[in-house]
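The values are calculated or read from the model by the stated rules, or taken from the named source; none is laboratory data. For clarity, every value in this text was computed on a predicted model and none was experimentally measured. In this analysis, Cβ positions are derived from the backbone assuming ideal geometry, glycine residues included, and neighbour counts consider all displayed protein chains.
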Amino acid sequence: MRPNSLRFIDSVVLSGESALPASWRGRPRSFVALMSLYESNYLRLTELAGPLRNLRGECISAIESDCDLRLRVGEVSPYTTLLELTYLFGSEGDETASTAPDMQLRIYHDACLVEAHSWAVTHHHPLLRDWRQLAGQDLDQRWARNVMLNKWLEYCLDRGHCLRAASGEPNCTMSPAT
């Protein structure tokens, strides 16, 4: 780990990350720009959920002005964590309840990157459906998913979502398997 870098991220970047120039916008579609986008996703998700290495179980952010936001942790290994981030539409036990966009994220802890690994196979929202159809090649799909994730994370933060407790730690319930 890079302790000095992480302290810088915690003290400066997270407090004003959206004001920093986004290098991935300067040279879109390059591999380096894609990695910069993954880094921006990491910073935004850290601001939303707290220390990402500590995520376990399920976290739900419920605010009055937006749908509930659910983060569910899947596989955890020393260097990566797989998780799902999605909105909940309706009550969780309700038969008419649905979720979207069902983003599957992979956190690369050693590199401080978050990749939107996949999203729902079909989308009911016309804009998401159009993005998926336009992104035919693998690199184009990665760009579409990760730009969408980046903008969505920024939107969730702007709306007031928070998956952290007052201590800054993730505010997640532990699943029985954890």
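Rundown of residues vs (1) of a type outside the set (A, V, I, L, M); (2) within 19 Å of ASN150 (Cα to Cα), yes/no style:
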| position | (1), (2) |
| --- | --- |
| PRO51 | yes, yes |
| GLU58 | yes, no |
| GLU64 | yes, no |
| CYS67 | yes, yes |
| LEU71 | no, yes |
| VAL76 | no, no |
| LEU83 | no, yes |
| TYR87 | yes, yes |
| GLY90 | yes, no |
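Please name all residue pairs, on different chains or six or more residues apart, with Cβ atoms under 9 Å, provided the first residue is in segment 34-58 and is closer than 15 Å to ASP110 by Cβ and without any contact (Cβ under 8 Å) to a residue 40 or more places away in the chain and the second residue is in a loop (DSSP other than H, G, I, E, B) and of a type outside the set (Phe, Trp, Tyr).
Pairs that qualify, where the first residue is closer than 15 Å to ASP110 by Cβ and without any contact (Cβ under 8 Å) to a residue 40 or more places away in the chain and the partner is in a loop (DSSP other than H, G, I, E, B) and of a type outside the set (Phe, Trp, Tyr), are THR46/CYS112.
Take THR86 and tell me if it is of a type outside the set (Lys, Arg), touching an Asp or Glu at 6+ places or on another chain (Cβ under 9 Å) and modelled with pLDDT of 95 or more.
Against the criterion (of a type outside the set (Lys, Arg), touching an Asp or Glu at 6+ places or on another chain (Cβ under 9 Å) and modelled with pLDDT of 95 or more), THR86 does not qualify.
Table: residues versus (1) within 30 Å of PHE31 (Cα to Cα); (2) outside any loop (DSSP other than H, G, I, E, B); (3) at pLDDT 80 or above.
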{"position": "ILE107", "(1), (2), (3)": "yes, yes, yes"}
{"position": "GLU115", "(1), (2), (3)": "yes, yes, yes"}
{"position": "ASP130", "(1), (2), (3)": "yes, yes, no"}
{"position": "ASN150", "(1), (2), (3)": "yes, yes, yes"}
{"position": "LEU153", "(1), (2), (3)": "yes, yes, yes"}
{"position": "HIS161", "(1), (2), (3)": "no, no, yes"}
{"position": "ALA177", "(1), (2), (3)": "no, no, no"}
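Pull up segment 89-105, narrow it to residues that are part of a loop (DSSP other than H, G, I, E, B) and of a type in the set (Ser, Thr, Tyr), then point me to the one that is modelled with the lowest pLDDT.
The extreme case among them is THR96.
Out of all the residues in segment 55-87, which are within 19 Å of TYR42 (Cβ to Cβ) and out of contact with any strand residue (DSSP E or B) (no Cβ under 9 Å at 6 or more places or on another chain)?
Within segment 55-87, SER77, PRO78 qualify.
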